[in-house]
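Below is one structure, written out as structure tokens; comments come after it.
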Amino acid sequence: MRQSPVAYYRSPAPQVLGPSNPRSTSAVAHRLRLGRTIAITSCILVMPIAGTALGGIPNDIPRIRSVLHAQQQAWNRGDIDGFMNGYARSPSTVFVSGDEVRRGWDIVRERYRTKYSDRAKMGTLTFSELEITLLSPDAAAVLGHWSLKRAKDRPHGRFTLIFKRLPEGWRIVHDHTSAAP
């Protein structure tokens, strides 16, 4: 298990100083109970707000996985346009492979259409070893392995994807893909 670089500091337990007059002990006890009640009530009221601020994050990992699964299925049907539905339809979408950077959904789509112009070139795509890290309620990084099974070869490699939550759902905004030698 990886160690977190975050350091924790444990502060000493607070000390309650009461009045020197023993007859005032019940007043101190009342104030302590009141303070404890206020603290507990505050926690109860803040918890739903904190949960709402995270906005369904536990459900987002399966949603991101489903985008990748849909891409894999589309690819294996020979459907480049269906595969491209996983990307943000934006001029700022980035695809990096080899020593080239391509910008824009249309340009990335054209690259796929040119490089994989028929089913034999497309082969059967498999994504594996997916590691999805939520960076914020609206952003995630995905590290994974890709492989193609074709009649004459078995190209494979790694990818790092940046997903962004958009009105249409989670979409890839940055793709850095490399092929193994």
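Remind me, relative contact order of the range 57-179 in percent, using alpha carbon pairs under 8 angstrom and six or more residues apart? Each step should come with its number before you reach the end.
Details: 230 pairs, mean separation 29.0, N = 123.
Computed over the range 57-179, the figure is 24 percent.
Could you derive backbone 3J(HN,Hα) for the range 149-162 from the dihedral phi with the Karplus parameters 6.51, -1.76 and 1.60 (θ = phi - 60°), listing whole Hz in sequence and x where the residue is Gly or Pro?
Running phi through 6.51 cos²θ - 1.76 cosθ + 1.60 with θ = phi - 60° gives 10, 10, 4, 10, 7, 9, x, 7, x, 10, 9, 10, 10, 10 Hz.
Return the tail of the calculated pair distribution for the range 133-181, meaning the percent of Cα-Cα pairs more than 12 Å apart. Present the calculation step by step, with values, prior to reporting the outcome.
Numbers: 766 of 1176 pairs.
Cα-Cα pairs in the range 133-181 separated by more than 12 Å: 65 percent.
Where the convex hull is taken over the Cα atoms of the range 57-179, what is its projected area averaged over directions, in nm²? Don't skip to the answer; put the middle values down first.
Working: hull surface 28.1 nm².
Directional mean of the projected Cα hull area for the range 57-179 stands at 7.0 nm².
Amide H neighbours of VAL94 under 5 Å, counting only residues 5+ apart in sequence or on other chains, H built in-plane at 1.01 Å?
So VAL94 has HN proximity to GLY104, HIS174, ASP175.
Which lysines have a Cα less than 19 Å from the Cα of LYS121, not counting those fewer than 8 places away in the same chain?
Filter leaves LYS149, LYS152.
Here, each number is a calculation from the coordinates, and none is a lab measurement. On a predicted model such as this, the values are computed, not experimentally measured, just so you know.
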